[in-house]
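Undergrad: Mind looking over this structure? Questions follow.
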Amino acid sequence: MTTRTNFAWVALAFAGIAGAALPAPAQTPPVVSDTEPPPPPPDEEALASQPPPTEAQPPSQALDLGAFKQQLSPYGRWVDTPEYGRVWIPNGLRSDWQPYTDGRWIYTDWGWTFVSDVPWGPVVFHYGRWGFRASLGWFWVPGFVWAPAWVSWRISDGFVCWAPFGPAGFVYGPRWPGWVVVPAPHFTHPIAREVIPLAHAREIIRSARKATSIERAPVRGRAYGPPRTLGRLHSQR
């Protein structure tokens with residue numbers, strides 16, 4: 001084999017090596033930032049324009065006690081009482097907890113409607129009544145008529161007040177802890193962050209005037225509580 005031939009074979013060998021597939025370089029895993037900024041709070045106007053959730057409308061079928069027990073038992077306990085029979089008590093409540101504070105108000109065909117952010121809210125904030133006893137704390141008494149919210153409304157200059165209706169025959173004590181007060185400009189905001197402490201709210205409640213509240217059953221299209229324009233007016237300021 002001539003020298004020229006040898007060079008030809010060597011050139012071909014190098015060409016084969018160069019054309020051979022080389023292993024892909026290892027990819028560096030993406031760096032996960034621990035300083036990713038949280039999103040801003042949702043726009044209240046955008047929330048108001050969304051379709052109302054299921055709990056904001058009456059159910060297609062009436063609920064019975066069995067349905068209540070099935071939905072509520074994972075989140076609290078049932079207790080027998082001499083006055084009201086079997087009542088339900090939520091688990092893990094703070095000492096200063098009040099009904100109708102775990103959520104927000106939206107306006108629907110049924111008026112101001114409470115939309116809860118706890119899994120047991122669609123039952124206990126649209127059916128039944130709430131009572132309070134020092135030995136039990138807050139307890140829910142089953143009822144079978146749906147409403148946008150079973151609350152008594154009051155309105156004061158710059159404030160909106162509401163409290164759950166107690167069960168039939170319930171005696172409201174002088175320090176009934178059920179009244180919730182929020183500044184009117186923040187009425188449609190998530191309630192828990194806007195509540196005025198009860199110690200500072202008592203004078204507001206005493207001076208507030210009564211507003212239309214549901215009596216036996218809600219009437220579709222009727223206004224209850226503060227004016228419908230309240231949230232809209234304050235959102236434009």
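Rule-based calculations on the coordinates, nothing more; no lab input. Owing to the predicted nature of the structure, the values given are computational and were not obtained by experimental measurement. Please note: Cβ atoms are built from the backbone with ideal geometry, for glycine as well, and neighbour counts cover all protein chains shown.
Undergrad: For a quick check of your reading: which strands (runs of 3 or more DSSP E) sit entirely within the range 128-237 and have at least 1 residues that are out of contact with any Lys or Arg (no Cβ under 6 Å at 6 or more places or on another chain), closer than 26 Å to ASP80 by Cα and not aliphatic (A, V, I, L, M)?
TA: 129-133, 137-141, 159-164
Undergrad: Take the conditions under 18 Å from the mean Cα position of the chain (by Cα), surrounded by 21 or more Cβ atoms within 10 Å (Cβ to Cβ) and aromatic (Phe, Trp, Tyr) and apply them to TYR75. Does it pass?
TA: Against the criterion (under 18 Å from the mean Cα position of the chain (by Cα), surrounded by 21 or more Cβ atoms within 10 Å (Cβ to Cβ) and aromatic (Phe, Trp, Tyr)), TYR75 does not qualify.
Undergrad: Residues GLY158, GLY169, GLY225: which one is over 16 Å from HIS126 (Cβ atoms) and in contact (Cβ under 8 Å) with a residue 40 or more places away in the chain?
TA: GLY169
Undergrad: If you don't mind, another one. Would you pick out the residues in the range 140-178 that are surrounded by fewer than 21 Cβ atoms within 10 Å (Cβ to Cβ) and within 16 Å of ASP102 (Cβ to Cβ)?
TA: Matches in the range 140-178: PRO177, GLY178.
Undergrad: Let me spell it out: the conditions are (1) part of a strand (DSSP E or B); (2) under 22 Å from ALA62 (Cα atoms); (3) touching a residue at least 12 places away in the same chain (Cβ under 8 Å), and ARG104 meets all of them except one. Which number is the exception?
TA: Of (1) part of a strand (DSSP E or B); (2) under 22 Å from ALA62 (Cα atoms); (3) touching a residue at least 12 places away in the same chain (Cβ under 8 Å), only one is false for ARG104: (2).
Undergrad: Quick one: GLU194 ticks every box in (1) surrounded by fewer than 16 Cβ atoms within 10 Å (Cβ to Cβ); (2) more than 30 Å from GLY66 (Cβ to Cβ); (3) without any contact (Cβ under 8 Å) to a residue 24 or more places away in the chain bar one, so which box is it?
TA: Result: GLU194 passes all but (1).
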